[in-house]
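Notes follow once the structure below has been shown.
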Amino acid sequence: MRKRLSSLFSCMMKSLFNEKGSQFRVEIVADRAVQEFVDTHAAALDSTFQKVEMSDAMRRRLTRSNYIFSGMKAFHELHEAFPSLLDDNGNRKPFERFLNDVRSIDKTYNSNYLRAEYNFVAASAEMAGRWEQFMRDGDRYNLQYRTQTDDKVRPEHAALDRVTLPPSDSFWEEFYPPNGWNCRCTVVQVRKSKFPETPHDEAMRLGDEALQRDSKGIFRFNPGIEQYPTTTPTQSDAAPHAPLQKATKAVNWHLCRITRCARLVPSFTNVNNCAVKRLSTAKAQSKSATLSTVLTEIMKG
């Protein structure tokens with residue numbers, strides 16, 4: 001898959017190289033080469049939940065989220081590569097030189113980040129499917145946080161092991177796994193008579209300590225409740241809760257998140273929420289045209 005994406009990256013950069021004008025255009029995401037890259041990346045993420053038991057509605061939402069994320073990621077790669085088109089004298093570089101200069105972007109996004117993205121999507125999809133099962137039973141059983149109990153478990157996650165609360169407790173809205181890149185934690189149903197409930201305030205304190213390094217609230221979401229992860233931002237998120245007031249700022253926030261973290265899905269909740277609403281109502285438009293429209297509206301504010 002990495003080789004395939006690397007090959008498509010070259011084609012995508014060729015499309016960028018052939019762009020006319022001195023300004024980066026959102027519409028480039030509708031280019032055939034860019035769309036092939038987006039579709040291939042999204043398909044790689046979609047493959048993580050093919051065998052996960054979940055409703056058709058959840059599967060559609062996951063697939064749509066993966067497409068949006070892949071489109072935003074491709075958009076950022078193009079945006080980051082655009083300044084490299086010109087040399088120090090302001091002249092357009094030969095294509096081979098340009099491609100060589102932006103190869104580090106390909107290595108960063110499609111080698112270093114892809115595995116973290118793949119693992120996080122797989123874990124989120126698995127836990128979203130579990131959540132649907134839990135909801136069918138309601139508060140008949142309590143839910144219990146479980147770690148893998150080996151020497152690879154992060155100490156802050158180990159502190160959450162055996163936290164036990166009903167599904168309706170708000171703890172699960174913020175601290176339902178995965179709670180970090182390559183997090184292996186899970187949640188299981190337990191009989192109420194077998195395990196005592198953890199006091200809510202104590203559970204929240206442990207959750208806050210476990211995610212204290214997550215200053216932007218990237219992982220404070222429940223993939224089953226937020227449909228992975230397209231609804232409103234979490235309370236701890238630094239982005240504004242209201243509809244995007246300054247979309248360019250929101251895009252920069254999203255792109256900064258992508259660059260800084262391994263850059264997966266909940267890192268662009270505001271932008272993704274806007275995109276999902278647009279895609280949900282787009283009956284006649286193609287996906288690429290819809291994504292172009294979303295990005296254009298975001299950049300305009």
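Rule-based calculations on the coordinates, nothing more; no lab input. Please read all numbers here as calculations on a predicted model, not as lab measurements. Reconstructed Cβ throughout: ideal geometry from the backbone, glycine too, with neighbour counts over all protein chains shown.
Tabulated values for the structure
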| read-out | value |
| --- | --- |
| At R0 = 35 Å, FRET efficiency that the Cβ-Cβ distance of Ala122 and Arg32 yields, to 0.05 | 0.75 |
| Magnitude of the charge dipole, region 135-230, Cβ model with Lys/Arg +1 and Asp/Glu -1, debye to 20 | 340 |
| Candidate aspartates and glutamates - alpha carbon under 17 Å from Lys3, same-chain residues fewer than 8 apart omitted | Glu36, Asp39, Glu77, Asp106, Glu117 |
| Calculated FRET value between Ser215 and Glu132, using beta carbons and R₀ = 35 Å, to 0.05 | 0.70 |
| Extension reserve of the Thr108-His200 stretch, reckoned as 0.36 nm per residue once the Cα distance is removed | 29.0 nm |
| Extension gain from Ser170 to Thr40, taking 0.36 nm per residue of separation minus the Cα-Cα distance | 43.1 nm |
| Of Lys73/Lys152; Lys51/Lys194; Lys14/Lys93; Lys51/Lys73, pairs whose Cα-Cα distance is over 22 Å | Lys73/Lys152; Lys51/Lys194; Lys51/Lys73 |
